[in-house]
Structure formats: structure tokens, C-alpha cells
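Right, one structure below, let's go through it.
The values are calculated or read from the model by the stated rules, or taken from the named source; none is laboratory data. These numbers were taken from a predicted model, which means no experiment stands behind them. Every residue, glycine among them, receives a Cβ derived from its backbone with ideal geometry; neighbour counts consider all protein chains shown. Keep in mind that these areas ignore ligands, DNA and RNA; they rest on the heavy atoms of the full protein, side chains included. Shrake-Rupley method; radii C 1.70, N 1.55, O 1.52, S 1.80 Å.
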Amino acid sequence: MPNNDKNGKRVRRPGDLILDRYMPNATEEEREAARQHLRDFAAALLRIFERLAREEESSSCYNSAMSDEAFMRLALEQAKLTLAENEFPVGAVVVAEGKVIGRGRKSSSDFHLGHAETAAIQQALQGKRYTRKDDLVLYTTLEPCTMCYGTMLHCPIRKVVFGLDDPWGGATQHDALALPARHREKVLEVVGGVLKEESRRLLREFLSITNDPYWKNWNNPLIKRIME
């Protein structure tokens, strides 16, 4: 069938430039068959590009999850150091652009401000200035308490990733509307449950060796969570 408009003028169709160059003497039927091959080829290319895009997105998500686990293992190493001192094993690291810039661990139980998160933040920010645009992430083996969460709101921490949740003292599920006006728009991105069983094992080991009566209250919701 001739490829003309109602005025008898030839209408250029997709692929005609290629056909004119490589099939100048082809009949219209041959040209139409060639056009169909070109359409099939273009559709196949589009499917390939879409699949590659999905794989890239999936790989990005996978790498992100793997990075969370890798950095959480560094936090667990800090917690192990605390356990070696017969202290409640919590460890933390602060990461910026894929690099650890601060490490911390729970200090003596006699020093109530010596939490792993605040120690890691203090080391990370010592003599340096960061903003929330620097994408600082804090990894901690146990869900942060109110003091540590509040410290993160004051500091340029954008995201917190924790291992085991704390149903007794964890503060990441707070009501943002209850915060002072200054902090209502500084709510952190929160990811929980990363390597939580590894964290739980360290905490169980601590409970099995400590003589501190504070940790012998089996009605404590945190202890129940540890022993689940």
C-alpha cells in the first residue's frame, strides 16, 4: 500500500531514513516488513534498558543494606570491648560518606552520661563542623534512649540505625509533635533491627555474668526482650 497522505504526498514514517539508505529499491511490502523488524528491535532494546534499570535500583538497595550491616558490625566490635570489661555491651559508630568518623561504647555504669552514642558523636564532631547535608549516620547496637536521641537532634545526625529495639527505654518511636518547636522538623530517619540477634547475644552474655542486682529484675521489659 502506498504511504501517501490524502493529498497524494508521501508521508515519511519512522525508519524511512534507514530504509532509504540500505533498501532504496525495496517494495513497500518489503519496507513495511523491515519497519516491523525495527519496531521489534526497538521494543527489545527498551525491555533490556528497563531490566538494567531495575537491576541497578535493586543493587543500590542491596548495597545500602550491606553497608548498614557492615557498619553495624563495627558498632558490635565496640560493644564487645565493653562486654570484656563486664559492662552493659552497647557500641556505636558515626559514619560520613562511607567512612567512620566516630566510635563509642558504653562506659562504666557509675557514669550515667557515658553512653555509646554520645561518645561516638563527641569523637565525630571533635574539632569539625558538619551540617545535615553531610549525611551523617549513627549506628548503634541498641535502640537509643531519650538522652542519646535528643543529642542526635541537637547535632547534624540525619539517620540512626540500631540493632535490638528497647521497649523499656528506647526513644525512636516518640511523638514528634511533643518535641519543642525547635526540633519538630529535625525528626531523624530511623532504621531498626539490623543484626539485632548479634546484639541480643552480647546482651544475653552480659546478663549471664553480671552480679549487678539492677540487671536481675526479670520484669524489666528490656531484659524480657533480650531473653526472648
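Around Ile209, under 14 Å between beta carbons, what's the net of Lys plus Arg minus Asp minus Glu among the other residues? Walk me through the intermediate numbers first.
Numbers: positive: Lys80, Arg201, Arg204, Lys216; negative: Glu85, Glu87, Glu205, Asp212.
That works out to 0.
What do you reckon, how do His183, His37, His115 stack up by accessible area (1.4 Å probe), largest on top? Intermediate results must be reported in sequence, preceding the final value.
Working: His183 20, His37 130, His115 45 Å².
From most accessible down to least: His37, His115, His183.
5 Å is the cut-off here: which amide hydrogens, built 1.01 Å from N in the peptide plane, fall below it relative to Val100, excluding neighbours closer than 5 in sequence?
none
Considering only DSSP states other than H, G, I, E and B, which GluC sites (Glu not before Pro) in region 84-134 qualify as loop sites with at most 13 other Cβ atoms within 10 Å?
Details: sites: Glu85, Glu87, Glu97, Glu117; in loops: Glu85, Glu87, Glu97.
Sites meeting the loop and neighbour criteria: Glu85, Glu97.
Gaussian network model of the chain, Cα springs within a sub-10 Å range: biggest mean-square fluctuation belongs to which of Gly98, Gly127, Gly193?
For the chain, modelled as a Gaussian network with Cα springs under 10 Å, the answer is Gly127.
How many percent of DSSP beta bridges within the chain run antiparallel, rounded to 5?
Numbers: 11 of 20 bridges.
Here the antiparallel bridges make up roughly 55 percent for the chain.
If you plug each phi of region 115-129 into the Karplus form 6.51 cos²θ - 1.76 cosθ + 1.60 with θ = phi - 60°, what whole-Hz ³J(HN,Hα) values come out, in order, with x for Gly and Pro?
Per residue, the Karplus-derived 3J(HN,Hα) values read 8, 4, 5, 5, 5, 5, 5, 4, 5, 5, 9, 4, x, 10, 10 Hz.
How high is the FRET efficiency from Gln122 to Lys99, r the C-beta distance, R0 25 Å, rounded to 0.05? Walk me through the intermediate numbers first.
Details: r = 17 Å, r/R0 = 0.70.
Using R0 = 25 Å, I get an efficiency of 0.90.
Where does the charge balance sit around Val93 when Lys and Arg score +1, Asp and Glu -1, over other residues with C-beta under 14 Å from its C-beta?
Charge balance near Val93 sits at +2.
Sorting Glu143, Glu32 by accessible area (1.4 Å probe), largest first, what list results? Spell out each step's value before the answer.
On the way: Glu143 15, Glu32 60 Å².
I get Glu32, Glu143, largest accessible area first.
Only sites in a loop by DSSP and with at most 13 other Cβ atoms within 10 Å count here; which GluC sites (Glu not before Pro) in region 119-209 make the cut?
Numbers: sites: Glu185, Glu189, Glu197, Glu198, Glu205; in loops: Glu185.
Counting only loop positions with at most 13 other Cβ atoms within 10 Å, the GluC sites (Glu not before Pro) in region 119-209 are Glu185.
Looking at the chain as a GNM with Cα springs under 10 Å, which of Ala43, Ala26, Ala70 has the largest mean-square fluctuation?
Looking only at Ala43, Ala26, Ala70, the largest GNM fluctuation is found for Ala26.
Probe 1.4 Å, all protein chains in place: accessible area of Ser208 in Å², nearest 10?
90 Å²
In square angstrom, what is the accessible area per residue of the chain with a 1.4 angstrom probe?
Values: 14180 Å² over 228 residues.
On a per-residue basis, 62 Å².
Calculate for the chain the 222 nm mean residue ellipticity that helices alone would give, adding -39,500 (n - 2.57) per DSSP H run of length 4 or more and normalising by residue count, nearest 500 deg cm²/dmol.
Numbers: 6 runs with 103 residues, N = 228.
After summing the helix terms and dividing by residue count, I get -15000 deg cm²/dmol.
On average over all directions, what projected area in square nanometres does the chain have, based on the convex hull of its Cα atoms?
22.5 nm²
Taking region 88-150 as the region of interest, what is the percent of Cα-Cα pairs per 5 angstrom bin, listed from the shortest bin to the one with the maximum distance?
That works out to 4, 20, 29, 26, 14, 6, 2, 0, in percent per bin.
What is the percent carbon and sulfur in the accessible area of the chain, measuring with a 1.4 Å probe over the protein chains and ignoring ligands?
Working: 7680 of 14180 Å².
Using a 1.4 Å probe with all protein chains present, the chain comes out at 54 percent carbon and sulfur.
Hand me the chymotrypsin sites (Phe, Trp or Tyr not before Pro) from region 149-228 located in a DSSP loop with no more than 15 other Cβ atoms within 10 Å, in residue order please.
On the way: sites: Tyr149, Phe162, Trp168, Phe206, Tyr214, Trp215, Trp218; in loops: Trp168, Trp218.
Within region 149-228, the qualifying chymotrypsin sites (Phe, Trp or Tyr not before Pro) (loop, at most 15 other Cβ atoms within 10 Å) are Trp168, Trp218.
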